[in-house]
Amino acid sequence: MGTERKRKVSLFDVVDETSAKLVKFNGGSAGAGSNLINRWNGRPYSQRYYEILEKRRTLPVWHQKEEFFQALKANQTLILVGETGSGKTTQIPQFVLDAVDLDGPDKRRKYMIGCTQPRRVAAMSVSRRVAEEMDVTIGEEVGYSIRFEDQSSARTVLKYLTDGMLLREAMTDPLLERYKVIILDEAHERTLATDVLFGLLKEVLKNRPDLKLVVMSATLEAEKFQGYFHGAPLMKVPGRLFPVEILYTEEPERDYLEAALRTVTQIHMHEPPGDILVFLTGEEEIEEACRKIHKEVANMGDRVGPVKAVPLYSTLPPAMQQKIFEPAPPPLTEGGPAGRKIVVSTNIAETSLTIDGIVYVIDPGFAKQKVYNPRIRVESLLVSPISKASAHQRAGRAGRTQPGKCYRLYTEKSFNNDLQSQTYPEILRSNLANTVLTLKKLGIDDLVHFDFMDPPAPETLMRALEVLNYLGALDDEGNLTKLGEIMSELPLDPQMGKMLVVSPKFNCSNEILSISAMLSDEDPSWCYENFVNHRALKSADNVRQQLARIMGRFNLKLSSTDFNSRDYYINIRKAMLAGYFMQVAHLERTGHYLTVKDNQVVHLHPSNCLDHKPEWVIYNEFVLTSRNFIRTVTDVRGDWLVDIAPHYFDLANFPPCEARRKLEKIYKKRERDREEEKDTK
DNA sequence: GACGGACTT
């Protein structure tokens, strides 16, 4: 069949010049005489292939193709720095395909090239683009793999996947033996998964001399990467951005929101046409800013053109998000002042979404960032100053289609002296219980000596180990137990994983499965005009199915207590406690709740749906906002605590407090009951 | 009496 196609093609009238060039660009790897045949699927190239090829050749990274080949050939690890527009994400993996031999030792099995992305959408859209460039079908020779969707096949030679997905694959394929080359893209973002992959790959490379690693990053922190990867060579690729003029304020601004709005109106009045992108920190602030912009511009009357202020944040429904791509409004009257689009966005526009046509960026210098307090095991969001790298990225958003301007609402001195150069990697700002469980499953026994690029605080690791030990996922020697094994396979936090795994014992796994799915996904009670969010329910159902499949693999039975039984809800609450016994709060005589053992004063979040204040509650989340809130709470009973988690509520290891005294009473009553029982016998 | 920056398995 293949021969027939080849014959047809040799008669095919293709522009000679293109095919001649093609031989050269395909290198020696395309089979002899097959320059018009796509080596990946044996089909003749389409006209579109040649059209795209012309454009690809103009990408900055193409000028360094030979240099890249040499570096890849000579080294096991390679670091590549390329700014926005260099074409690295789409081109480098294709260069790698041209440079390496994917045949396995027995010739039957072919190796793959894997390229990680921090985000699902990116993995999906980039792989589609590359499939088009290579003139192959997506899901065949070029594919992608993200949660809920595996678009790859036995023929796949290049696979884009989320970094979290590669980490999952490593659980079953510790030496990543399906891969010949792994490319970690967007490494500067330092996601939790990428950071774990760094350390893991360093180990794997030692045991797989034939495996190669390419680390791609957008910043010069690459020199740090170089040090980490034993002085791997660094290749720099220029980006393709228009110049962006940076403007600072003379004095520090007291109120960044007010300053941002003032800057918007000034640009609108005095600057040439071009859209504006304003970075703010959250939904509420953004909606308020949009309202104020419309109001202020309306007050200016006909002197200025019309504006369309559009909000942008991740929880905005997709249809509303699409509005950022609509054009600016036309002038009110023919020949009148031009209209302007003003996108008011969170950090989502810094990395995940690119909007063409932005000429002005307003950067107040703040973002909400996660911080973790290992002492009380609480993660919270805090509005905090951004890093220099982040400011640089924001500014770049103004230069995608023409020269632009970036207004930094802070002084140049502040930029130089106060901003840290890089954002703290996520691994230093997170609860690591889940990460530690993953590492254990990956066979990393000695966490203290695991080669993290930035080692987390020892206390954070200790707290994570402690939590996993209390849950029974790790034994006292720190080894993964059978329970821990199952928990590591579930895409859930350890507490929730434990709750789900033990739920069959409480005869309520159907219900706990639903609860887990609903809690681990976006919240559908954030309803839109009192209707339950359909998309959120669909996605919770998706999660539920995935969890049910994994439970099936471990022979965990799906069961329910009779709905009319008085034990129906009791069993569910007990199963929840079996996972969440470390997140208990006790109602003190003062009327306040105090978290057990950590002794933090907390308040029931107003969104709770209890009709009374129970003496003991377990909570799903501790949120630090205007006060310490515990959110999504469930009423539990004191004697369940000592039944279900006696090892945690062990009085020998318990600070003196009201909760302790209550537990003492329960233990004493237990003793009395036992003795009475003895006497009656 | 009031909350989700961005992501991922």
Would you please name the residue that is farthest from DNA strand B (Cβ to nearest atom), looking only at residues in the range A:275-295 that are open to solvent by less than 70 Å² (accessible area, probe 1.4 Å) and free of Cβ contacts under 8 Å to residues at least 40 places away in the same chain?
A:E288
Just checking, which of A:L663, A:L577, A:L624, A:L651 is open to solvent by less than 80 Å² (accessible area, probe 1.4 Å), more than 16 Å from DNA strand B (Cβ to nearest atom) and touching a strand residue (DSSP E or B) at 6+ places or on another chain (Cβ under 6 Å)?
A:L577
Within the range A:474-489, is even one residue in a helix (DSSP H, G or I), in contact with a helix residue (DSSP H, G or I) (Cβ under 8 Å, 6 or more places away or on another chain) and away from DNA strand B (no atom under 16 Å from the Cβ)?
yes
Looking at (1) within 16 Å of DNA strand B (Cβ to nearest atom); (2) within 24 Å of A:G239 (Cα to Cα); (3) touching a residue at least 12 places away in the same chain (Cβ under 8 Å), find the lone condition where A:L197 falls short.
(2)
Number of the exception - A:K55 against (1) under 32 Å from the mean Cα position of the chain (by Cα); (2) surrounded by 16 or more Cβ atoms within 10 Å (Cβ to Cβ); (3) more than 16 Å from DNA strand B (Cβ to nearest atom)
(2)
Please find, within the range A:185-211, the residue that is least open to solvent (accessible area, probe 1.4 Å) out of those that are in a helix (DSSP H, G or I) and acidic (D, E).
A:D195
Please tell me if A:H586 is open to solvent by less than 40 Å² (accessible area, probe 1.4 Å) and either modelled with pLDDT of 90 or more or within 15 Å of DNA strand B (Cβ to nearest atom) (or both).
yes
When only residues in the range A:592-616 that are open to solvent by less than 30 Å² (accessible area, probe 1.4 Å), out of contact with any Asp or Glu (no Cβ under 6 Å at 6 or more places or on another chain) and not hydroxyl-bearing (S, T, Y) count, which is nearest to DNA strand B (Cβ to nearest atom)?
A:V602
Taking helices (runs of 4 or more DSSP H) that fall entirely within the range A:346-442, which contain at least 1 residues that are in contact (Cβ under 8 Å) with a residue 24 or more places away in the chain, within 12 Å of DNA strand B (Cβ to nearest atom) and under 22 Å from A:T194 (Cα atoms)?
A:348-351, A:388-396, A:433-441
Please give the strands (runs of 3 or more DSSP E) falling wholly within the range A:220-339 in which 2 or more residues are of a type in the set (V, I, T).
A:244-248, A:275-279, A:307-312
Got a sec? Which of A:L197, A:L213, A:L176 is on the phi > 0 side of the Ramachandran plot and at pLDDT 95 or above?
A:L176
A:K597 vs. criteria among the basic types (K, R) and at positive phi:
yes
Within the range A:310-347, restricting to residues that are open to solvent by 70 Å² or more (accessible area, probe 1.4 Å) and of a type in the set (V, I, T), the one that is modelled with the lowest pLDDT is A:T315
The correct count of residues that are of a type in the set (V, I, T) and open to solvent by 20 Å² or more (accessible area, probe 1.4 Å) in the range A:161-180 is 1
Looking at the range A:42-54, is at least one residue within 30 Å of A:G164 (Cα to Cα) and either part of a helix (DSSP H, G or I) or touching a residue at least 60 places away in the same chain (Cβ under 8 Å) (or both)?
no
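The values are calculated or read from the model by the stated rules, or taken from the named source; none is laboratory data. Computed from a predicted structure; not experimentally measured. Note that each Cβ is placed from the backbone with ideal geometry, even for glycine, and that neighbours are counted across all protein chains shown. Heads up: the accessible areas ignore ligands, DNA and RNA and are worked out on the full protein's heavy atoms, side chains in. Shrake-Rupley method; radii C 1.70, N 1.55, O 1.52, S 1.80 Å.
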